[in-house]
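*Asks:* Structure incoming, see below.
The values are calculated or read from the model by the stated rules, or taken from the named source; none is laboratory data. Worth saying up front: this structure is predicted, and the values here are computed from it rather than measured. Neighbour counts are summed over all protein chains in view; Cβ atoms, including those assigned to glycine, are modelled from backbone coordinates with ideal geometry.
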There are 2 protein chains.
Amino acid sequence: MAVSVGESEKYLLNRHKEHHFTAGEIVRDIIIGVSDGLTVPFALAAGLSGANASSSIILTAGIAEVAAGAISMGLGGYLAAKSESDHYYRELRREQEEIDTIPDTEAAEVAEILAEYGVEPHEYGPVVNALRKNPKAWLDFMMKFELGLDKPDPRRALQSALTIAIAYVLGGLVPLFPYMFIPVAGKAVVASVILTILALLIFGFAKGYFTGNKPVWSALQTALIGAIASAAAYGMAKAVQGL
Amino acid sequence: MAVSVGESEKYLLNRHKEHHFTAGEIVRDIIIGVSDGLTVPFALAAGLSGANASSSIILTAGIAEVAAGAISMGLGGYLAAKSESDHYYRELRREQEEIDTIPDTEAAEVAEILAEYGVEPHEYGPVVNALRKNPKAWLDFMMKFELGLDKPDPRRALQSALTIAIAYVLGGLVPLFPYMFIPVAGKAVVASVILTILALLIFGFAKGYFTGNKPVWSALQTALIGAIASAAAYGMAKAVQGL
């Protein structure tokens, strides 16, 4: 869109490059998938070994969980992104309709938005009129500033589904790896715990780094979640077996 | 905040009550928890029964998965909400600092934001000056209109964690219920499938209703995800057993 800003302003804007952090949606999807993938199958396997299951049944349960979790989270992510985008276009049609049928009311809404920031009617009046003269820009303005909705990326839903699913599978295979080679569950679980805690620390560090949070703190938090989840799964499994 | 809007505008705003749908965050958390809770333990149990596991080991695995999943998703939700709020306050401090140290640049950014909607310098000038006279409102304006960030609710993180975890447990117990009473896994799985598909249909319908999507379509989609996930888990379990 053509942006008309005064020369001095252009100069200031170019000189001042802002670096506000915003986590990319793909990074967010990878984080969602990997953190759950590393944690849940890990905890499930630990829990089952606590219930004296064989490595083979633990591996079976683990792989089944990874398949189910990847599909459930992937398709869940797909539908979430899809309904978000449906929501956007429903609201877009509604705003368009309101601009066409009750423009005075919509103009009053623009006024109300700016008034909330202490801007006086004689100050925002020209802006309201400028938008009324440009219905397309007015619609964009209402979508963003009244409803806070951004235009969704059409490829987002599918991309999100695949990213989450693949990330979940990759994360989920880490804790199951030892069970593939160590037939005695009691021994395999030790290797699985060490391997997964290590993976959780590395992943947590990377997560903190990419999301602008303290990497070390994030690494410890992430590993702690895995430990708590598997301890709970272990306890529940033992309890159920005790019945 | 004191809102100063012209009388005629006030009248229009009151007369026109908008009903833009926005899914409440709690509803969203319940949906996340229940849909995964209904799907994954269901698929895991179906998968294990496909691998000729006993009802007792299936129940053990299922309960362990529910415990692990609830904690992983709950704590995951907690940390996500937490880091979102941390992100907000980091950006808030940054904007405050910029308004204090490089006000002309920040003013130019306000101009740029409005210029994107085809508003001319002589039209947005008064608004920019009004904001400069009111730094508090100016900061709010930048947070919302430059960065699109809303002030996070401090209780959100904990509330989100508990909502997701409880929803996951409630959803996860449904498919496991039959295994508690039917010792023969081959019989229990049939009851579990019927019970869970029914629950997925009802949940999907409610989900569609609350998120403003077609309820029947949502019910079918939700049940389909559960079916696909459990079919995949069943197949993977059979494959692993076949090794």
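*Asks:* Under the condition of being facing chain B (nearest Cβ under 7 Å) and touching a Leu at 6+ places or on another chain (Cβ under 9 Å), which residue from region A:31-45 is surrounded by the most Cβ atoms within 10 Å (Cβ to Cβ)? First the steps, then the outcome.
*Replies:* In the first step, residues of region A:31-45 are kept if they are facing chain B (nearest Cβ under 7 Å); the result is A:35-36, A:39-40, A:43-44.
Next cut, touching a Leu at 6+ places or on another chain (Cβ under 9 Å) only: A:35, A:39, A:44.
Numbers: A:Ser35: 26, A:Thr39: 31, A:Leu44: 36.
Top of the filtered list is A:Leu44.
*Asks:* Give region B:88-105 a look and list any residue that's under 28 Å from the mean Cα position of the chain (by Cα) and in contact (Cβ under 8 Å) with a residue 40 or more places away in the chain, or say none.
*Replies:* Answer for region B:88-105, where residues must be under 28 Å from the mean Cα position of the chain (by Cα) and in contact (Cβ under 8 Å) with a residue 40 or more places away in the chain: B:Tyr88, B:Glu91, B:Leu92, B:Glu95.
*Asks:* Hey, another quick one. Out of curiosity, is B:Ala80 of a type in the set (Gly, Ala, Ser), facing chain A (nearest Cβ under 8 Å) and part of a helix (DSSP H, G or I)?
*Replies:* Spelling it out, it is not the case that B:Ala80 is of a type in the set (Gly, Ala, Ser), facing chain A (nearest Cβ under 8 Å) and part of a helix (DSSP H, G or I).
*Asks:* Report every pair of residues separated by at least 6 positions or lying on different chains whose Cβ atoms are under 9 Å apart, first residue within region A:150-167 and acidic (Asp, Glu), second crowded, with 18+ Cβ neighbours inside 10 Å.
*Replies:* A:Asp150/A:Met143; A:Asp150/A:Lys144; A:Asp153/A:Ala81
*Asks:* Answer with yes or no whether A:Ala191 is surrounded by 14 or more Cβ atoms within 10 Å (Cβ to Cβ) and within 22 Å of A:Ala46 (Cβ to Cβ).
*Replies:* yes
*Asks:* Go through region A:201-231 and give me each residue that's hydroxyl-bearing (Ser, Thr, Tyr) and either crowded, with 17+ Cβ neighbours inside 10 Å or not in a helix (DSSP H, G or I) (or both).
*Replies:* A:Thr211, A:Ser218, A:Thr222, A:Ser230
*Asks:* May I ask you to list the residues in region A:139-153 that are buried (at least 17 other Cβ atoms within 10 Å of the Cβ) and either farther than 22 Å from B:Asp150 by Cα or within 7 Å of another protein chain (Cβ to nearest Cβ) (or both)? Don't jump to the end; show me each part of the working.
*Replies:* So the first thing to find is which residues in region A:139-153 are buried (at least 17 other Cβ atoms within 10 Å of the Cβ), and the list is A:139-147, A:149.
Residues satisfying the conditions are A:Asp140, A:Phe141, A:Phe145, A:Leu147.
*Asks:* Here are some conditions: (1) of a type outside the set (Lys, Arg); (2) within 30 Å of A:Gly186 (Cβ to Cβ); (3) crowded, with 19+ Cβ neighbours inside 10 Å. A:Ser56 meets all but one. Which one does it not meet?
*Replies:* (3)
*Asks:* Among what's in region A:15-27 and is part of a helix (DSSP H, G or I) and under 18 Å from the mean Cα position of the chain (by Cα), pick the residue that is modelled with the lowest pLDDT.
*Replies:* Across region A:15-27, the extreme among qualifying residues is A:Glu25.
*Asks:* Can you spot a residue in region A:168-177 that is more than 23 Å from the chain's Cα centre (by Cα) and of a type in the set (A, V, I, L, M)?
*Replies:* yes
*Asks:* Scan region B:154-211 residue by residue and report those that are among the basic types (Lys, Arg) and away from every other protein chain (no Cβ under 13 Å).
*Replies:* B:Arg155, B:Arg156, B:Lys187
*Asks:* Given the criterion free of Cβ contacts under 8 Å to residues at least 12 places away in the same chain, crowded, with 22+ Cβ neighbours inside 10 Å and either of a type outside the set (Gly, Ala, Ser) or closer than 30 Å to A:Leu139 by Cβ (or both), identify the matching residue among A:Ala68, A:Ala64, A:Ala108.
*Replies:* A:Ala108 is the lone residue from the list that is free of Cβ contacts under 8 Å to residues at least 12 places away in the same chain, crowded, with 22+ Cβ neighbours inside 10 Å and either of a type outside the set (Gly, Ala, Ser) or closer than 30 Å to A:Leu139 by Cβ (or both).
*Asks:* Next question. Within region B:28-51, identify whether any single residue is under 25 Å from B:Pro183 (Cα atoms), free of Cβ contacts under 8 Å to residues at least 12 places away in the same chain and not in a loop (DSSP other than H, G, I, E, B), and answer yes or no.
*Replies:* no
*Asks:* Right, here's the next one. So is A:Ser85 more than 8 Å from chain B (Cβ to nearest Cβ), of a type in the set (Ser, Thr, Tyr) and either under 30 Å from B:Ala61 (Cβ atoms) or touching a helix residue (DSSP H, G or I) at 6+ places or on another chain (Cβ under 6 Å) (or both) or not?
*Replies:* Considered against the rule, which asks whether it is more than 8 Å from chain B (Cβ to nearest Cβ), of a type in the set (Ser, Thr, Tyr) and either under 30 Å from B:Ala61 (Cβ atoms) or touching a helix residue (DSSP H, G or I) at 6+ places or on another chain (Cβ under 6 Å) (or both), A:Ser85 comes out as no.
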